[in-house]
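Working notes for the structure below.
The values are calculated or read from the model by the stated rules, or taken from the named source; none is laboratory data. This one's a predicted model, so the numbers in the text were calculated from it and none came from an experiment. Here the Cβ is made from the backbone with ideal geometry for all residues, glycine too, and neighbour counts use every protein chain on show. In case anyone asks, the SASA skips ligands and DNA or RNA and just uses the protein heavy atoms, side chains included. Shrake-Rupley method; radii C 1.70, N 1.55, O 1.52, S 1.80 Å.
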Amino acid sequence: MIVREGKSVYKGVAIGSIFVYRKAEKAVNKVEIEDTAAEIARFEAAKEKAMGQLKGLYEKARVDVGEEEAMIFDVHQMLLDDLDYNESITGIIENDKMNAEYAVFMTGEQMAAMFLAMDDDYMRGRAADIHDISDRLISILNGTQVSPEAMPEPVIIVAEDLAPSETVQFDKSKLLAIVTQKGSANSHTAILARTMNIPSLVTTDIEIDQEYHGRQAVVDGFAGLIYIDPDEETMAKMVAKKKKADEQRALLQEMKGKETVTQAGKHIHLYSNIGGVGDVDAVLENDSEGIGLFRSEFLYLGCDDYPSEEVQFEAYKTVLSKMNGKKVIIRTLDIGADKQIDYFDLPKEENPALGYRAIRICLTRKEVFKTQLRALFRASAFGNLGIMFPMIISVKEIEQIKEMVEEVKLELAREDVAVGDVELGIMIETPAAAVTSDLLAPHVDFFSIGTNDLSQYTLAIDRQNQSLDNFFDPHHEAILRLIQMTIENAHKYGAWCGICGELGADEELTAKFVQMGIDELSVSPGYTLDLRKRIREC
């Protein structure tokens, strides 16, 4: 028996045979060509085919894992259409008279190296995306593209690493588990695996050895281990562990329709985080009480230009109508940092996480903000709407927001447009906001704590930087004290307080959050029933 250890991305137990997944060899030959026009046409045809595949992957991912996680394939489409990327490829073909495969390969290597040289971890991560789209183009050009239908079933995938496009193209019914030698818990592939509920390990100390192909294995996502050729005793333990996990998953279905209350009778509002209209079905299927975070920026990320008031209104109205009176909290535009949109033409920044982002953009590009506010208040007549504003650090910002809100409401009243009774809240994402929450609370109806940003700003650690994993502690006492302070100050001034960051789904902290007096937790739809069970045990 061989035992290898990795970092668990999604808990669960999978038993089956190993499929060693190797990327198709994309040996690129440097070939001098004469007909440059024909070669450019060949590149353009491959690009068109790749674009069609990426659009198909986006639609498949949207169905399998939701709008938010599918957006990576929109990013890939934008990179594939990038002017610098395309001009470099055609330039090598025309000026150096080289074949399209070589031109794509050289451009991909140069652009990836440029991204890897940047200080920002998010931008360094784009190197993998450039390699992904370049590999796709090369495999189309040289005819080596592997069809996902060739995968057997059911299997445990063992690979050096997987690009998001590779992860999502697999038929979910054919995947028992994923084990990769590289990767990180915050990579796009890891997020996709989590959303697809597939037991997964990353950074595993496993050899990508063809001899493992077809051998029996067990992936224990609870312990972060893979057993290859398990002995009888280990297999018996793992079968029992899998049976127990499956039974617990089935029992969770009994949580549907039950109240989210502690044993002492305190009700916790249990809401869901979504990235688009297509995610509402998952919210309802998992019996969430409402939506605690609708990330409206994905409406902007999915467009080639600023979405109009009408486009936004229809999206917000659809979500509110489908939720049928349940609370829907929509966060206003939150771009910048790791979410860049070309048509906003944002300036390049040394440290975008501390730069021009979120409410700072909205308060300086008021025409964009006003369009969104008009759409939101028009939609408010069709359901139970709350609006929250990201990255607030001062009372002055809230006062500016409220001035624009009143201006919009007055305009709509003059146009005889009905609006609903809307709650206004803010995100608590910085130590500044938490420490001054006693000053902010009197001006709003609620706080929603964004623990992802709050954690990295408090600890001064980029949580996506894999090399700092040993230093990053989301349970750090400083973070918990800031959360406690925020909850107490909200209640002192009559506001309610929730959590919509990843810590909201951390069951190790659920009892502590209840003890702190939290009013609401908003998590990915798939975590709803687990969390309801945990709260009812508190």
Result of the Cβ filter at 7 Å on the range 508-527, keeping first residues that are part of a strand (DSSP E or B) and partners that are modelled with pLDDT of 95 or more and among the small types (Gly, Ala, Ser), at least 6 apart or interchain, is GLU520/GLY292; GLU520/GLY498; LEU521/GLY498; SER522/GLY292; SER522/GLY498
Output yes when any residue across the range 382-404 is open to solvent by 10 Å² or more (accessible area, probe 1.4 Å), in contact with a Lys or Arg (Cβ under 8 Å, 6 or more places away or on another chain), in a helix (DSSP H, G or I) and of a type in the set (Phe, Trp, Tyr), and no when none is.
-> yes
Contact list, first residue from the range 47-58 and exposed (fewer than 13 other Cβ atoms within 10 Å of the Cβ), second anywhere and not in a helix (DSSP H, G or I), beta-carbon distance below 9 Å, six or more apart or interchain, is none
Checked pairs for the range 375-404, first among the hydroxyl-bearing types (Ser, Thr, Tyr), second open to solvent by 20 Å² or more (accessible area, probe 1.4 Å) and in a loop (DSSP other than H, G, I, E, B), C-beta under 7 Å and 6 or more apart or across chains, list as SER380/VAL419; SER380/GLY420; SER380/VAL422
Residue hits (the range 265-277; open to solvent by 40 Å² or more (accessible area, probe 1.4 Å) and over 22 Å from LEU503 (Cβ atoms)) are GLY265, VAL277
message: Among the residues of the range 265-282, are any free of Cβ contacts under 8 Å to residues at least 12 places away in the same chain and small (Gly, Ala, Ser)?
response: yes
Of those in the range 286-303 that are modelled with pLDDT under 90 and aromatic (Phe, Trp, Tyr), the residue most open to solvent (accessible area, probe 1.4 Å) is PHE298
A careful count of residues in the range 78-113 that are polar (S, T, N, Q), assigned to a helix (DSSP H, G or I) and buried (at least 17 other Cβ atoms within 10 Å of the Cβ) gives 3
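The rows are residues; the columns are (1) open to solvent by less than 30 Å² (accessible area, probe 1.4 Å); (2) part of a strand (DSSP E or B); (3) within 21 Å of GLY16 (Cβ to Cβ).
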| residue | (1), (2), (3) |
| --- | --- |
| THR204 | yes, no, yes |
| ILE208 | no, no, yes |
| GLU211 | no, no, yes |
| LEU252 | yes, no, no |
| GLU259 | no, no, no |
| ASP281 | no, no, no |
For this session: Considering every residue within the range 220-229, establish whether at least one is outside any strand (DSSP E or B) and over 32 Å from the mean Cα position of the chain (by Cα).
Result: yes
Considering the range 114-152, residues that are part of a helix (DSSP H, G or I) and among the small types (Gly, Ala, Ser), and then whichever is modelled with the lowest pLDDT, we arrive at ALA150
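Of the residues ALA490, ALA478, ALA441, which single one is of a type outside the set (Phe, Trp, Tyr), open to solvent by less than 60 Å² (accessible area, probe 1.4 Å), in contact with a Lys or Arg (Cβ under 8 Å, 6 or more places away or on another chain) and part of a helix (DSSP H, G or I)? Quick ask: steps written out before the conclusion?
Numbers: ALA490 fails: in contact with a Lys or Arg (Cβ under 8 Å, 6 or more places away or on another chain); ALA478 fails: in contact with a Lys or Arg (Cβ under 8 Å, 6 or more places away or on another chain).
The conditions single out ALA441.
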Note on the range 493-507: residues open to solvent by less than 30 Å² (accessible area, probe 1.4 Å), under 14 Å from SER437 (Cβ atoms) and not in a loop (DSSP other than H, G, I, E, B) are CYS497, GLY498, ILE499
Quick count over the range 408-428, residues being in a helix (DSSP H, G or I) and either touching a residue at least 60 places away in the same chain (Cβ under 8 Å) or surrounded by 14 or more Cβ atoms within 10 Å (Cβ to Cβ) (or both), is 4
Test: GLN372 is part of a helix (DSSP H, G or I) and open to solvent by 10 Å² or more (accessible area, probe 1.4 Å)
no
